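Quick notes on the structure that follows.
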There are 4 protein chains.
Amino acid sequence: MKSIRFRPQPLQHDTRYIKDMETGFIWHQCSMRTLYADTDRANVVYHANYLRYFEFGRASLLRDANYPYKEIEESGYVYPIIDLAITFFHPLYYDDPMFIHTRPAEIERIKLQFDYIITHGESGIIICKGFTKHCALNNRRTPTAIDAKTRILWQSFPHKIEEKKGTL
Amino acid sequence: MKSIRFRPQPLQHDTRYIKDMETGFIWHQCSMRTLYADTDRANVVYHANYLRYFEFGRASLLRDANYPYKEIEESGYVYPIIDLAITFFHPLYYDDPMFIHTRPAEIERIKLQFDYIITHGESGIIICKGFTKHCALNNRRTPTAIDAKTRILWQSFPHKIEEKKGTL
Amino acid sequence: MKSIRFRPQPLQHDTRYIKDMETGFIWHQCSMRTLYADTDRANVVYHANYLRYFEFGRASLLRDANYPYKEIEESGYVYPIIDLAITFFHPLYYDDPMFIHTRPAEIERIKLQFDYIITHGESGIIICKGFTKHCALNNRRTPTAIDAKTRILWQSFPHKIEEKKGTL
Amino acid sequence: MKSIRFRPQPLQHDTRYIKDMETGFIWHQCSMRTLYADTDRANVVYHANYLRYFEFGRASLLRDANYPYKEIEESGYVYPIIDLAITFFHPLYYDDPMFIHTRPAEIERIKLQFDYIITHGESGIIICKGFTKHCALNNRRTPTAIDAKTRILWQSFPHKIEEKKGTL
């Protein structure tokens, strides 16, 4: 199957982030291993379980940005997924280590998107890429403008700094 | 592996229930098929997924008793699981049909238990047995006496009628 | 949130299929209910679980077409997912009934696609739409031409007959 | 609800293990956080997901003992679960950190058991305890004597050393 270009290089001063040498983008990076529970009888990870890995990536990024998703909800907002997609290049097998790369992508008035790339933890081969698009809802579950703190998080995510200053 | 004795015979006038000819007990019966999502790389259903089948059995019993669990919660109670166990005799494979047999078992002042037996939908072989024990909690999440309607359901479940009248 | 047009009408002689009066397309239809296991703390079905519903729709369609996926695999082929997407319009809640509509969509030499639309089982409201794209692999796990029987299934699916003869 | 006594104290020279000051037993310890995917509409972790945490504990113990379960299977054995139980004391909520404590318990000729205790990662409160009992199967999926390497692992697990020498 086809693939995409992605050449992650760890940032010297902060190993929670990598720089993609193909695009210059900064991505958050976290890692985990597949469980038996994740596999199916074809011997590989069942496709739906990648959404669990994406959630782990998203949650880790937000925590490392000092704004855990739990606090976002405590402040009166929820960000349910309104759109998602995954493209698979290679399977993950049982007990495989993986890197989950997550990046805040587009942001609109009431919607925002996370992008994901999962690579094999040893070979570095690209397993899949995908995105989840979220809509801000308030306490009454109606669409609303993205909360200020999340918007700041989006703006202050390393790749923005890097783009401006070239220093990260 | 060892096994248990269980000889289900459909009730003539209501196919949602069976009588176990070994014990005389009446059990609720529902059926479903395993999905690819349920299997693991050993080619069989991953053990945790049987708890999902148990939930389906329990929910089906309650619905057929005209007291869906959703209504129980709407009346201000929740019945979280405080104890559970499963004993496995044979695996289920992909696309296998199964019968899930569920029975209201012990009931105390604030606790109640469901028993389960899953059989293969074609061979009738016993796959596993298990139970879930639940504790009644009120709106403030503190243990409380089992609600009246659930208690009635327990008393009116067919096997009680059968035991009294021998007619079901 | 936005929505799509979809006006399913049961086929008189075969309730396993519906006709979408908006497009004229025939869709396979099956139904199930959400479980507690499917929900998350936002009170709704967790997004990844819709892929499980899609699998159920796909498996039901293949079974009703007399070519269960299990047999496809027994014949030496697997059809892993290489691409998927879901767009959500409304959430499903606990114990909600749903209709899962599935349709064989594009077919190429080695790839094929299923489309899905899930509607609420009572209100008929559209919950989500999505697709899964699969690639045919042979026993050595290399891409291969779609097997003859699956190709026939694709061609003989009702909507083709309907398009030619207008009679289904 | 009731509780059990468990007073874990980190081992100075190896933080992957703790000593329970109540019983003197050594337990392996690993940690993770709950995900949104793990919760249900009662706002807590759905009971079946604790089996996933148990698997993570078991896999981590085996890896730290230099005998990853993947290698066990590669050597021609599988250890399916034939019995399991969980007792719940307190719920876990979204984003809660937890410690998973795992210990090799009974071992017979063809069966072995892991015990588990999960505690809250901050308060230390005991969330649940449980066990999984496994049966050794060979390549033909028939019960067989536990493989030599697993048996050695059992014997060399720290708590045995500690019991003999009091030095770990």
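All of A:31, A:75 fail the test of being more than 28 Å from residue A:146 (Cα to Cα) and surrounded by fewer than 19 Cβ atoms within 10 Å (Cβ to Cβ), apart from A:31. Evaluate the following for residue C:123: is it hydroxyl-bearing (Ser, Thr, Tyr), more than 11 Å from every other protein chain (Cβ to nearest Cβ) and either in a loop (DSSP other than H, G, I, E, B) or out of contact with any Gly (no Cβ under 8 Å at 6 or more places or on another chain) (or both)? Judged against the criteria, residue C:123 is a match.
Of the strands (runs of 3 or more DSSP E) lying entirely inside the range B:1-117, the ones with 2 or more residues being within 11 Å of chain D (Cβ to nearest Cβ) and farther than 19 Å from residue D:42 by Cβ are found at B:81-88. One residue stands out in the range B:146-168 among those that are small (Gly, Ala, Ser) and under 21 Å from residue B:66 (Cα atoms): the one that is modelled with the highest pLDDT, namely B:148. Filtering D:104, D:97 for residues that are open to solvent by less than 30 Å² (accessible area, probe 1.4 Å), under 18 Å from residue D:152 (Cβ atoms) and modelled with pLDDT of 95 or more leaves a single hit, D:104. Restricting attention to the range D:1-28, which residues are surrounded by fewer than 21 Cβ atoms within 10 Å (Cβ to Cβ) and hydroxyl-bearing (Ser, Thr, Tyr)? Scanning the range D:1-28 gives D:3, D:15, D:23. Looking only at residues in the range A:107-150 that are among the basic types (Lys, Arg) and open to solvent by 70 Å² or more (accessible area, probe 1.4 Å), which one is farthest from residue A:82 (Cα to Cα)? Ranking the candidates gives A:149 first.
The values are calculated or read from the model by the stated rules, or taken from the named source; none is laboratory data. Keep in mind the model is a prediction, meaning the values are calculated, not measured. Because the Cβ atoms are built from the backbone with ideal geometry, glycine has one as well, and the counts that use them run over all protein chains shown. Accessible surface is based on the protein model in full, side chains and every heavy atom, while ligands, DNA and RNA are left aside. Shrake-Rupley method; radii C 1.70, N 1.55, O 1.52, S 1.80 Å.
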